[in-house]
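Notes follow once the structure below has been shown.
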Amino acid sequence: MHADLHSDLHCSHGFVMSTQDTEDRREYYRIDDEIALQIRLADSAANEDSLLFNLLGDLHLLEYDAQPLLRSVGEGDRAVAGYLKVINRRIDLIAQVLARDLLKDIGPARSVSLSESSLAFVDTQVHPVGTLLSLKVVLLPQGFGLRVDARVIEHRDTADGIQMVALFENLADATRQILARHILHKQAQQRRLALQPDNTHTL
């Protein structure tokens, strides 16, 4: 897996990005990752989320909301904080099992390039630059279920086909934080594997 700074363009195939958007995107790191991804047009009638997808999303948003409380508890009672962390770990394991069932609806994991601001992927259907997409994203292996809107800003020729680069729009702060934590976790995995004498494991 490779982590690097996102390379961004002011203008791509007629879709113009503001200078502020470009500068913001350069602040984010990207990773090569494996995620489950369902792609729909933003105005598609088939965009209704399943109960399981919403459940996974709500679980992790609640975890995000609980982090400040957990830190506060830890300052006063480490034993209670430790117990709550164990409960969180149990919930994460349950979410991972549920995510396996969700993949039956969304589809198998696919290779993407992911940052807090954008997603690059290859798909059988190539959408024109400027198209607004509604994406269902399942981050693996934790099973984070995220619904995000993203606009196609660029096409790139790759060995696997035409790669679409889509910039996230109206991303909630909680969703961005979940993406950031996922990316940092993957980067930490990469560093640990790099330190292993026999680096033959996959992430």
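Please treat every number below as a calculation from the coordinates, not as lab data. Predicted model, so just to flag it, every value in this text is computed and none were measured. With ideal geometry, Cβ positions are generated from the backbone for all residues, glycine too; neighbour counts draw on all protein chains shown.
What the Cβ-Cβ distance of Ser111 and Asp43 gives, at R0 = 30 Å and to the nearest 0.05, is a FRET efficiency of 0.60.
When only the Cβ of Lys, Arg, Asp and Glu is charged (+1, +1, -1, -1), the dipole of the stretch 53-203 relative to its Cα centre reaches about 420 debye. Peptides 96-105, 143-152 ranked from most to least packed, by the mean per-residue count of other Cβ atoms within 10 Å: 143-152, 96-105.
Treating each Cα of the stretch 61-203 as an identical point scatterer and summing with the Debye formula, the log10 of I(q)/I(0) at q = 0.12, 0.15, 0.20 Å⁻¹ comes to -0.64, -0.94, -1.34. Net length available on complete extension from Ala194 to Ala180 is 2.9 nm, with 0.36 nm assigned per residue and the Cα-Cα distance removed.
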